[in-house]
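Below is one structure, written out as structure tokens; the observations come after it.
The values are calculated or read from the model by the stated rules, or taken from the named source; none is laboratory data. Just so you know, these numbers come straight off a predicted model, no measurement behind them. Neighbour counts are summed over all protein chains in view; Cβ atoms, including those assigned to glycine, are modelled from backbone coordinates with ideal geometry. Side chains included, ligands, DNA and RNA excluded: accessible areas come from the protein's heavy atoms. Shrake-Rupley method; radii C 1.70, N 1.55, O 1.52, S 1.80 Å.
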Amino acid sequence: MAIEQVSFANPWQRVLFEAELKHKHALVLAALTLPGETLAAYLCLWLVAGEAQVQNLAVNPGFRQRGVGRYLLVKGLDEARRRGAKVANLEVRPSNLAARRLYASLGFFEVGRRPGYYQAEGEDALLLDCDLTTAPFLPPLAG
Ligand SMILES: CC(C)(COP(=O)(O)OP(=O)(O)OC[C@H]1O[C@@H](n2cnc3c(N)ncnc32)[C@H](O)[C@@H]1OP(=O)(O)O)[C@@H](O)C(=O)NCCC(=O)NCCS
């Protein structure tokens, strides 16, 4: 919750994380330090009808810009693809340059825009997709 609070203008509440952990379509990954098991990052995906929908991704501010976000997202998308996802999608603020650069580096591309989606600030959401069947950052599927 502490990471969530410092990472987003509209942070998820605890009940949302609890629901996510129980949701049958959810895939939740956490990156922990060794030793110590400090939470370095978390990723929440929904796997629905061949799509991996990125619901949440945040890196502990003390661990940013060390490749943790990219590592966790690649792990999550690889697992999603192994479970049948063909495409990944997400929403991101135009002003979130760090996240946009991360997504662009993995082959996400803009497919649309939701005007005023982030209501508090009146900011649009960019809609991004990534084709998991051709994504070069994912290892070949066995078999
Ligand atoms: C966006 C976020 C997840 C990136 O995590 P991270 O672990 O710091 O990112 P990485 O170290 O894996 O960096 C991957 C790429 O992202 C981009 N990037 C990351 N931080 C950046 C920054 N501060 N400025 C510009 N680009 C940045 C770079 O392209 C980087 O690649 P490079 O290192 O080869 O230049 C992290 O900043 C975060 O938690 N932000 C707050 C929550 C958030 O915005 N989540 C996404 C919601 S859509």
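Scanning the range 66-88 for residues that are open to solvent by 30 Å² or more (accessible area, probe 1.4 Å), within 26 Å of Asp124 (Cβ to Cβ) and under 11 Å from the mean Cα position of the chain (by Cα) yields a single hit, Arg70. With the requirement that a residue be within 9 Å of the ligand (Cβ to nearest atom) and of a type in the set (Lys, Arg), what does the range 71-113 give you? Within the range 71-113, Arg93, Arg100, Arg101 qualify. Six or more apart or on different chains, Cβ under 6 Å: which pairs go from a residue in the range 84-96 that's without any contact (Cβ under 8 Å) to a residue 12 or more places away in the chain and more than 22 Å from Ser7 (Cα to Cα) to one that's among the hydrophobic types (A, V, I, L, M, F, W, C) and open to solvent by less than 40 Å² (accessible area, probe 1.4 Å)? Could you list them? Filtered contacts from the range 84-96: no entries.
The set of residues in the range 94-112 that are open to solvent by 60 Å² or more (accessible area, probe 1.4 Å), in contact with a Leu (Cβ under 6 Å, 6 or more places away or on another chain) and not acidic (Asp, Glu) contains only Val111.
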